[in-house]
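Here's the structure, in structure tokens; my notes come after.
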Amino acid sequence: MFAVIKAGGKQYRVAAEDVIRIDRVAAEPGQVIEFGEVLLLGGDTPQLGLPTVSGAMVAGEVLQHTRGDKVIAFKKRRRKNSRRKRGYRHDFSVIRITEILTDGAKPSKEPPPRPKREAKPKPEAAEGDAEGAPKKAAKKAAKKPAKKPARAKPAAKKPAAKAKKK
């Protein structure tokens with residue numbers, strides 16, 4: 001199931017567990033926010049809102065607040081020695097969509113728990129290595145080619161003695 005929501009004057013197509021970047025919202029990271037303007041619900045039986053779908057709501061968890069890339073506005077009037085340079089970075093919020101609700105259901109106040117990833121076991125020390133260095137370091141050392149001997153430079157010629165003029 002997917003939904004088309006309106007947030008910050010823009011429309012976003014979202015599904016559960018999607019991560020979207022929208023204009024900054026007034027919520028702390030970890031809080032659950034609600035998007036009430038659902039324009040379309042898709043799935044087996046799509047519902048088109050006129051202008052919104054009644055009783056539909058999308059809930060999302062605020063992951064972080066971030067800023068976009070710098071946008072440079074540079075204006076120049078040629079031959080007039082007139083220039084202006086302004087930089088700007090837009091504020092964004094990163095949201096994870098937790099659930100799409102229909103029939104007037106309310107979202108849960110707590111975000112659902114995220115499954116924890118199992119830690120990968122650390123690589124063992126290389127066998128036969130007295131110092132116990134990791135295998136990667138041993139491989140890197142083995143891959144490095146031996147340095148070539150420096151090429152002998154030709155001996156510089158001495159300048160011939162100049163004959164004195166009388």
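Where a number appears in this text, it was derived from the coordinates with a stated rule and is not lab data. Quantities reported herein were computed from a predicted structural model and do not represent experimental measurements. In this analysis, Cβ positions are derived from the backbone assuming ideal geometry, glycine residues included, and neighbour counts consider all displayed protein chains.
By the compact-protein rule of thumb, 2.2 N^0.38 Å, the alpha-carbon radius of gyration of the stretch 2-101 corresponds to a ratio of 1.47. Farthest towards the positive end of the charge dipole of the stretch 2-101, among the residues PHE92, ILE5, VAL53, is the Cα of PHE92, using unit charges on the Cβ of Lys, Arg, Asp and Glu. For the stretch 75-80, 3J(HN,Hα) computed residue by residue from phi via the Karplus equation (6.51, -1.76, 1.60; θ = phi - 60°) reads 10, 9, 10, 5, 6, 10 Hz, glycine and proline entered as x. Computed on the stretch 1-116, with alpha-carbon pairs under 8 angstrom and 6+ residues apart, the relative contact order is 31 percent.
Once the Cα-Cα distance is subtracted from the 0.36 nm per residue extended length, the ARG24 to HIS90 segment shows a gain of 22.9 nm.
Residues VAL53, VAL94, ranked from the fewest to the most other C-beta atoms within 10 Å, line up as VAL94, VAL53. Close amide-amide hydrogen proximity is noted between GLU99 and ALA59, each under 5 Å apart and 5 or more residues distant or on a separate chain (H modeled in the peptide plane; Pro and chain starts excluded).
Length available on full extension from SER108 to LYS153: 0.36 nm per residue minus the Cα-Cα distance, which gives 8.3 nm.
With a threshold of 30 Å on the Cα-Cα distance, the over-threshold entries among LYS70/LYS106; LYS6/LYS120; LYS6/LYS70; LYS70/LYS109; LYS120/LYS148; LYS10/LYS70 are LYS70/LYS106; LYS6/LYS120; LYS70/LYS109; LYS120/LYS148.
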